[in-house]
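The values are calculated or read from the model by the stated rules, or taken from the named source; none is laboratory data. From a predicted model like this one, the values you see are computed outputs, not experimental measurements. Backbone-built Cβ (ideal geometry, glycine too); neighbour counts: all protein chains shown.
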Amino acid sequence: MSEISERIIQLYDLDTWGKSKELADRMGVSKITVNNYKNCETPPQKLIQQITKDFDGKEGRPLINWNWLFSGVEPMFKEVSETPLEPKPEKREDKLDKILSKVDLMEDYIKRLESKFKESEMRNRLMMDGLGFRLTNLEGGDLNVGKQNDGSLGVTIAKVYKPVA
């Protein structure tokens, strides 16, 4: 029997006669299913949902300490204060600072995207212009264009494509 199953038995007092049946009726499962919870390594989802309902700290019910259930550390239940803690509203200045920092980051990101687009557009235009120039010269029969650089596209195309004179 695992430690978690022992804590489930302790939480619902499942060793007491009739408690298994009572829990089974509340969960809408059979008594056998609830008895199988006594041997589980990790609690099934349906049992976790039931624990959340039964020990939510509302209307006089105790509030379950999940650290206790899964690790055995700390007490079984947490203290429930009469006045729930409300989250502090963020100051207007803090919100404004966060928004401005996000806008600055987005602005930088947009500028980087624009510069990358311009670079790629210019690179594509230069490649197309160079290719068009070389093909135009090849079609005209000028095979000396690009001879100074043997690895150039014009020379490569000229070796493969020899116009008929």
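Residue pairs whose Cβ atoms lie under 8 Å apart, sitting 6 or more positions apart in sequence or on different chains, and linking a residue in region 66-89 that is assigned to a loop (DSSP other than H, G, I, E, B) to a partner that is polar (S, T, N, Q) and modelled with pLDDT of 80 or more, are V73/N67; E74/N65; E74/N67; P75/N65; M76/Q10; M76/N65.
Are any of the residues in region 31-39 surrounded by 15 or more Cβ atoms within 10 Å (Cβ to Cβ), in contact with a Ser or Thr (Cβ under 6 Å, 6 or more places away or on another chain), outside any helix (DSSP H, G or I) and not aromatic (F, W, Y)?
no
Annotation: of all residues in region 1-16 being free of Cβ contacts under 8 Å to residues at least 40 places away in the same chain and among the β-branched types (V, I, T), the one that is farthest from F77 (Cα to Cα) is T16.
Determine, yes or no, whether K31 is of a type in the set (D, E, K, R) and more than 30 Å from the chain's Cα centre (by Cα). Here the answer is yes, as K31 does meet what is asked. On inspection, E86 qualifies as modelled with pLDDT under 75 and not small (G, A, S).
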